[in-house]
């Protein structure tokens, strides 16, 4: 069955990733079923070592599953050739990592435009899009800065501009606030919220409950498998008042 | 509204009730919206009866119906000073939840892990509300600081729930 009906951007069935063998066998991802709807923000939460990063790498085609199926926009991904997989990563997926992974010798705008250039956009179009995105993430005045001249929060915002520059189908983020302080985390949450409002599909793996709480849906992961799922919706500030010790 | 809070709002200078309300709103932002606006006047009346504030009718502006000016008495000032020096901190009632899990498991009435899951969902929804309210506040506003406190406490509670889940999952597997 191929889901070409557009209901899901991403779909995984019986996904497994194993390392080692016999007594040393580790089931990092152990039978995961997953669907992500267009425009949805999904958070996968769990303690370190629960397999959530491995899952993200499988979903993004950075690693191959031991078993199971992955479909991206109706195309089966897990059996693609290396070449097709590389093309799909480049054209359809934006990655954001905990450690930012910016190149030291590239300025913010050069980093941000790189995926667009690799995807075959003209230098002019790539620069234009990257500049617009840096403006959107509040870094218009830092476009010519090298990473060493940027704070952690600013580097992560460059990384987000880079993830978006080729207009990916889906953005995958691995602990995007892992290296950020409280204020930079709040900025990052605001940015993810803007992306969400703009209809960007987002999958975030994290152990930061603050991000998880702003997602549409949160999945708990333990020992390679999903253990709980929560749909989150807004409530009232009246309840918030009670949380701060204010009686209604 | 706690009496000491209203007293302390008056410590700066004698004020009208609506001025106190404006100060509270500034400090609480969206969290103050659910407060009953009449509450502050009820509290002021009680404080007046207790001799902690005085109330004078100011001859004043016709367009402001509220012309009472409240001021701290010496006893009121003393109470504020005592309140500022007092060490008090709200206690989260963790023992009740802890005992609920133990009782549920002992009597076989409910699965402690699913009680933890339900509780986590509820806390995540609250965290979402607090987080959204914090995201809507301008940086460094008084209300943003209060909301950050709520967010941090909820995060701590969620971490404890994680520990509860690990512990009760392990117990289930042993038995």
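The values are calculated or read from the model by the stated rules, or taken from the named source; none is laboratory data. Note that the structure is predicted; figures quoted are calculated from it, not measured. Here the Cβ is made from the backbone with ideal geometry for all residues, glycine too, and neighbour counts use every protein chain on show.
Here residue A:96 does not fit the description of being within 24 Å of residue A:61 (Cβ to Cβ) and more than 13 Å from the chain's Cα centre (by Cα).
Scanning segment A:186-210 for residues that are in a loop (DSSP other than H, G, I, E, B) and either under 11 Å from the mean Cα position of the chain (by Cα) or within 8 Å of chain B (Cβ to nearest Cβ) (or both) returns a single hit, A:200.
Only a single item in (1) closer than 29 Å to residue A:48 by Cα; (2) in contact (Cβ under 8 Å) with a residue 60 or more places away in the chain; (3) in contact with a strand residue (DSSP E or B) (Cβ under 8 Å, 6 or more places away or on another chain) is not met by residue B:171, and it is number (3). Going residue by residue through segment A:135-149, is there one that turns out to be more than 12 Å from every other protein chain (Cβ to nearest Cβ) and closer than 16 Å to residue A:94 by Cα? The answer is yes, given that some residue of segment A:135-149 is more than 12 Å from every other protein chain (Cβ to nearest Cβ) and closer than 16 Å to residue A:94 by Cα. Among the residues of segment A:111-146, the ones that are over 21 Å from the mean Cα position of the chain (by Cα), part of a helix (DSSP H, G or I) and under 25 Å from residue A:190 (Cβ atoms) come to 5 in all. Is it fair to say residue B:161 is over 24 Å from residue A:231 (Cβ atoms) and either more than 8 Å from chain A (Cβ to nearest Cβ) or touching a helix residue (DSSP H, G or I) at 6+ places or on another chain (Cβ under 9 Å) (or both)? The answer is no for residue B:161. Please indicate, with yes or no, whether at least one residue in segment B:120-133 is more than 16 Å from residue A:239 (Cα to Cα), surrounded by fewer than 17 Cβ atoms within 10 Å (Cβ to Cβ) and more than 9 Å from chain A (Cβ to nearest Cβ). No, because not a single residue in segment B:120-133 is more than 16 Å from residue A:239 (Cα to Cα), surrounded by fewer than 17 Cβ atoms within 10 Å (Cβ to Cβ) and more than 9 Å from chain A (Cβ to nearest Cβ). No other residue among A:163, A:213, A:173, A:183 is in a helix (DSSP H, G or I) and more than 8 Å from chain B (Cβ to nearest Cβ) apart from A:163. Taking segment B:10-44 as the range and being in a helix (DSSP H, G or I), within 14 Å of chain A (Cβ to nearest Cβ) and more than 17 Å from residue B:146 (Cα to Cα) as the test, the residues that pass are B:21, B:39, B:40, B:42, B:43. The number of residues in segment B:49-100 being at pLDDT 90 or above and in a loop (DSSP other than H, G, I, E, B) comes to 4.
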